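Read through the structure below, which is laid out as structure tokens, and then see the notes.
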Amino acid sequence: MDVAVLTIFPEMFDRFWTHGIVRRAIEQGHLNGSAVDIRAFAEDRHKVTDDRPYGGGCGMVMKPEPLAKALRAERERMPEAATLLMTPQGRPFSQQTAAELAGRQGLIFICGRYEGVDERIVQQFVDAEISIGDYVLTGGELPAMVVVDAVVRLIPGVLGGLDSAANDSFADGLLEHAHYTRPRDFEGREVPDVLLSGNHAAIAQWRLEAALVRTFLKRPDLLEKREFTAQEIAILKKWSQELENLIQVQSACRPDSLSGH
Ligand code: SAH
């Protein structure tokens, strides 16, 4: 995948390309990433990339001409690429959007600064507007890094373990189960026995149950939208039965305890 990030601060990306999975993706030829300096496309002597807003008011706006030149140059280099504007007004970024973008041949990111970019750039060049959350940052560079990072690990072949992305939180609508590594006993806290049993079916069952319970406790909204599998329904029924038993034991011991008074 070809990725070009248009920014007035290209040096912010120097370290981004050289660490961890992003670096490995580049080394293995899955990713070709570059930060493009918008300022290099400004034609005036002072290389100006922003100007005052029409209609007055405070703040500056990114001028359309240098951005348009940079975009045309990158589109010529990668004609298949989708152009994405980083903006708090965009579609909220999600694992699903990351998976969609991972199937593209190329991505061009526009990083805004100040009040954002001239609206005619949006009209003329932008295929999708993406927000990384309901808060306002000072620039689109961190959002572009967030999106590239999430997308790169979904490009087939980038992650070592074949299914390490398939089990991730959100990939199938559930949060991922807890993880443990050595030592077996850490300051009195032990790894669940089943994970040491070597029984793959029991481990898979434990992981599914652990994912369900986590999602129920931390993000019940994800379960509301879910179409449960038969195995998941069996787990939910088991919990429901266990809770029912617990309530029965309680009310047998203390008849008033559950009356709500
Ligand atoms: N005045 C704009 C915000 C500008 S913030 C507004 O109210 O909508 C400056 C730049 O930071 C934006 O152009 C955008 O590129 C980036 N940015 C800020 N918050 C962002 C977010 N939540 N998601 C994606 N990009 C964001």
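Here are a few things to note about the model shown:
- Principal-axis analysis of the Cα atoms of the chain puts helix 64-77 at an angle of about 70° to the longest axis.
- DSSP beta bridges in the chain [antiparallel fraction, %, rounded to 5]: 20 percent
- In plain terms, the residue of Arg15, Arg207 with the fewest other Cβ atoms within 10 Å comes first and the most crowded comes last, giving Arg15, Arg207.
- Straight-distance candidates among the lysines for linking to Lys225, with alpha-carbon spacing under 22 Å and chain neighbours fewer than 8 residues away dropped: Lys237, Lys238.
- Put a plus charge on the Cβ of each Lys and Arg, a minus charge on the Cβ of each Asp and Glu, and nothing anywhere else: the dipole of region 2-152 about its Cα centre is then about 160 debye.
- Reachable lysines, given that their alpha-carbon falls under 21 Å from the alpha-carbon of Lys47 and they are not under 8 places away in the same chain: Lys63, Lys69
- Ranking of Met86, Met1, Met12 by neighbouring Cβ atoms within 10 Å, starting from the fewest: Met12, Met1, Met86.
- Between Asp44 and Asp149, the modelled label-to-label distance comes to 3.6 nm, taking each label 7 Å out from Cα in the direction of the beta carbon.
- Taking Cα atoms only, the orientation of helix 200-218 departs from the longest principal axis of the chain by about 70 degrees.
- With all projection directions averaged, the alpha carbon convex hull of region 133-220 covers 8.7 nm².
- Degrees, to the nearest 10: 230-253 long Cα axis against longest axis of the chain: 50 degrees
- Put in order of Cβ neighbour count within 10 Å, fewest first, the listed residues Cys253, Cys111 become Cys253, Cys111.
Values quoted throughout were computed directly from the atomic coordinates according to the rules given, and no laboratory measurement underlies them. Predicted model only: the values in this text are computed from it and were never measured. Methodologically, a virtual Cβ is constructed for each residue, glycine included, from the backbone with ideal geometry; neighbour enumeration extends over all protein chains shown.
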